[in-house]
1. Note down all Cβ pairs under 6 Å where the first residue falls in region 30-56 and is over 13 Å from residue 14 (Cα atoms), the second is at pLDDT 95 or above and assigned to a helix (DSSP H, G or I), and they're at least six residues apart or on different chains.
2. Please determine whether any residue of region 2-24 is more than 14 Å from the chain's Cα centre (by Cα), in a loop (DSSP other than H, G, I, E, B) and surrounded by 14 or more Cβ atoms within 10 Å (Cβ to Cβ).
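The values are calculated or read from the model by the stated rules, or taken from the named source; none is laboratory data. This is a predicted model, so every value here is computed, not measured. Positions of Cβ are backbone-derived with ideal geometry, glycine not excepted, and every protein chain shown enters the neighbour counts.
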C-alpha cells in the first residue's frame, strides 16, 4: 500500500506533510482536469486537518507532561 492510498488518519505527521507538498507541486505545475484538481484539493484539506489534529494532540501531551513536572517540582504529587 502506498502512502497516497493509505487512509489519511493512518499517516504520520511527516508523511502527511510530504504528501501535502506533493499535492501543491502537482497543482501548481500540471494542467489538471477539474475532477483531478478537486480530488487533490479535497485530499489536501483532509491531510491539513489531520496534521492540525496531530499537532493539537502533541501540544496537549506537552502541556500535560509539563504540568506534571511542575507539580512534582512544587511537591504537589
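1. Listed by first residue and then by second, the contacts come to 40/23; 44/20; 44/23; 46/8.
2. no
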